[in-house]
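Novice: Can you keep this structure in mind? I'll have questions shortly.
The values are calculated or read from the model by the stated rules, or taken from the named source; none is laboratory data. Note that the structure is predicted; figures quoted are calculated from it, not measured. Ideal geometry is used to build each Cβ from the backbone, glycine not excepted, and the neighbour counts take in all protein chains shown. Quick note on the areas: whole protein, heavy atoms, side chains included, nothing else; ligands and nucleic acids left out. Shrake-Rupley method; radii C 1.70, N 1.55, O 1.52, S 1.80 Å.
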Amino acid sequence: MAQAIYDTNMALLRRASGVIADLSPFRGTEPDSGTVFEVGVAIALGLPVVGYGVPEGSYAARVETALPTRRDANGTLRDANGMAIEGFELPLNLMLACSIRIARTAEDALDLLRERLG
């Protein structure tokens with residue numbers, strides 16, 4: 001069944017003119033990994049993508065609030081494993097924030113995608 005869902009989703013993406021993605025945090029500070037995968041496929045296919053459901057503020061600020069973090073001597077925010085957390089003041093990871101348009105609501109996302117598709 002899982003393979004059938006994957007195959008169907010991939011076929012739908014190949015036929016799509018654009019994608020609207022719910023990027024609300026899912027089980028943590030990040031959007032659902034399946035949705036992010038679909039966004040990546042859509043971008044690779046050259047489709048316009050509009051996301052919604054992104055909380056206000058930066059990704060780094062949400063991580064800093066939700067997880068144990070510290071600032072190093074240079075002021076870089078790091079997680080409990082010492083990994084740097086993006087400090088670009090973007091609402092999502094840079095790979096999403098730089099590749100898609102972000103709308104406040106699902107309705108706004110529909111309007112934005114309609115505009116992009118002309």
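Novice: Quick one: which strands (runs of 3 or more DSSP E) lie wholly within the stretch 6-108 and hold at least 2 residues that are closer than 22 Å to residue 118 by Cα?
Specialist: Working: elements: 19-22, 49-52, 69-71, 77-79.
Qualifying strands (runs of 3 or more DSSP E): 19-22, 49-52.
Novice: If you don't mind, another one. Are there any pairs, at least 6 apart or on different chains, whose C-beta atoms fall under 8 Å, with the first in the stretch 1-14 and surrounded by 11 or more Cβ atoms within 10 Å (Cβ to Cβ) and the second part of a helix (DSSP H, G or I), and if so, which?
Specialist: Listed by first residue and then by second, the contacts come to 9/38; 10/41; 13/38; 13/41; 13/42.
Novice: Here is a follow-up. Which number in (1) open to solvent by less than 90 Å² (accessible area, probe 1.4 Å); (2) modelled with pLDDT of 95 or more marks the one condition that residue 66 misses?
Specialist: (2)
Novice: What number of residues in the stretch 35-74 are in contact with an Asp or Glu (Cβ under 7 Å, 6 or more places away or on another chain) and among the aromatic types (Phe, Trp, Tyr)?
Specialist: So the count comes out to 2.
Novice: Tally the residues that are among the aromatic types (Phe, Trp, Tyr) and either crowded, with 18+ Cβ neighbours inside 10 Å or farther than 20 Å from residue 12 by Cα (or both), restricting the search to the stretch 22-55.
Specialist: Taking the stretch 22-55 and keeping what is among the aromatic types (Phe, Trp, Tyr), we get 26, 37, 52.
Restricting the remaining residues to those that are either crowded, with 18+ Cβ neighbours inside 10 Å or farther than 20 Å from residue 12 by Cα (or both) gives 26, 52.
Total satisfying the criteria: 2.
Novice: Which of (1) among the acidic types (Asp, Glu); (2) touching a residue at least 40 places away in the same chain (Cβ under 8 Å); (3) in contact with a helix residue (DSSP H, G or I) (Cβ under 7 Å, 6 or more places away or on another chain) is the odd one out, the single condition residue 108 does not satisfy?
Specialist: (3)
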